[in-house]
Amino acid sequence: MKKLLASLAMASVVGVTAPSAMANEQTFLTVGTGGQTGVYYQVGQSVCRFVNRDHQDLRCNAPSTGGSIANVNGMIGGEYDMGVVQSDVQYKALTGAAPFESANTELKALFSLYPEPFTILARADADIRNFDDMYGKRVNIGNPGSGQRDTMETVLNAKGKSVDDFGVTLELQAQEMAAALSDNKVDAIAYTVGHPNGSIQEATTTTDARLVNVDGPAIEKLIADNSFYAEVIIPGGMYRGNDEDTVTFGSLATFVAGPEMSEDVAYKVVSSVFENFDRFKRLHPAFANLNPEAMIQDGLSMELHPGAVKYYREQGWM
């Protein structure tokens, strides 16, 4: 957190010296999000909207970032004060599992959010009907630091494969994927994201594309071995040309605080979200089914921040 001390002094008048105005101290908060077309960006913007409205001593901004892993690294490095993080990435950050080099127990959870299915969207003319059909094809595996890149590597490892089994790999940012699919620069894209999603909507509107099932024995074992994963259904009819349900798996989006966040600031952040909860849920379709009781326990490997615990206990949720 960065603090700026701004003091306003009144100009002197001849023969009279006006007293200086009272100093006004503000704490500046930065939230690590994701690509501008993704739900992470909407989460950060929504949280900051309510924080800035409710607390004059806090100024919150939520720039576009590289995603989950980049957000964790940014919080550890002091670049971000909070960040949106996939629940599986949260677990890896806590335990020091790859891609992290050490356990990050100083990070604390604030709350969880919506399900994030691991989503594969393929051009209809690429003849990709399940995950294994992508071997030998042009596949966007996600930009380094993103949750979809980490989940893609997790799936490949579970199947005994690697990115080398694809014909061509691309590392596109979220906002680049739809155009690349429509322009036939890639056969399939991977995106770990809440639905409905703007990029998937754009891609299925501008070209014939189908959502791909990610299931089978390897995925079943992956879910069984990792409590932060679950089978997820993307409902049919959400996107053009995709009338049938798509079976995949996924994690939860979670909201995490960096190591320097005080109890007071954490309390104010969570109070702004939950005191404006009905408004918050209306800001994106992925937020519509959220409920507080689930948000303070589901998908959270990290310990809850003491400031969050204080608020939740006041509400009788703990």
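Per-structure values
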read-out	value
Residue check for Asp243: surrounded by fewer than 17 Cβ atoms within 10 Å (Cβ to Cβ) and under 28 Å from Asp57 (Cα atoms)	no
Check on Ser262, at pLDDT below 95, surrounded by fewer than 15 Cβ atoms within 10 Å (Cβ to Cβ) and among the hydroxyl-bearing types (Ser, Thr, Tyr)	no
So Glu293, is it under 22 Å from Tyr91 (Cα atoms), among the charged types (D, E, K, R) and at pLDDT 95 or above	no
Qualifying residue in segment 287-294 (condition: more than 15 Å from Leu110 (Cα to Cα) and either surrounded by 14 or more Cβ atoms within 10 Å (Cβ to Cβ) or in contact with an Asp or Glu (Cβ under 6 Å, 6 or more places away or on another chain) (or both))	yes
Of residues in segment 297-318 being modelled with pLDDT of 95 or more and within 21 Å of the chain's Cα centre (by Cα), the one nearest to Leu252 (Cα to Cα)	Met302
Of all residues making up segment 33-55, the number that are part of a loop (DSSP other than H, G, I, E, B) and either β-branched (Val, Ile, Thr) or modelled with pLDDT of 95 or more (or both)	3
Selection count where residues are buried (at least 16 other Cβ atoms within 10 Å of the Cβ) and in a strand (DSSP E or B), scope segment 228-237	3
Matching residues in segment 77-101 - criterion: being crowded, with 17+ Cβ neighbours inside 10 Å and over 23 Å from Glu153 (Cα atoms)	Tyr80, Asp81, Met82
Count of residues meeting criterion [under 21 Å from the mean Cα position of the chain (by Cα), over 16 Å from Ile120 (Cβ atoms) and of a type in the set (A, V, I, L, M)] in segment 199-235	2
Residue list for segment 180-200, filter: touching a residue at least 12 places away in the same chain (Cβ under 8 Å) and either surrounded by fewer than 21 Cβ atoms within 10 Å (Cβ to Cβ) or of a type in the set (D, E, K, R) (or both)	Ala180, Ser182, Asn184, Lys185, Asp187, Pro196, Gly198
Number of positions in segment 265-290 that are of a type outside the set (D, E, K, R), at pLDDT 95 or above and within 22 Å of Thr30 (Cβ to Cβ)	11
Any strands (runs of 3 or more DSSP E) falling wholly within segment 120-227 and containing at least 2 residues that are closer than 22 Å to Asp88 by Cα and not assigned by TED's automatic domain parsing to the domain that holds Pro99	188-192
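The values are calculated or read from the model by the stated rules, or taken from the named source; none is laboratory data. Note that the structure is predicted; figures quoted are calculated from it, not measured. For neighbour counting, all protein chains shown are included, and Cβ atoms are generated from backbone atoms with ideal geometry for every residue, glycine included.
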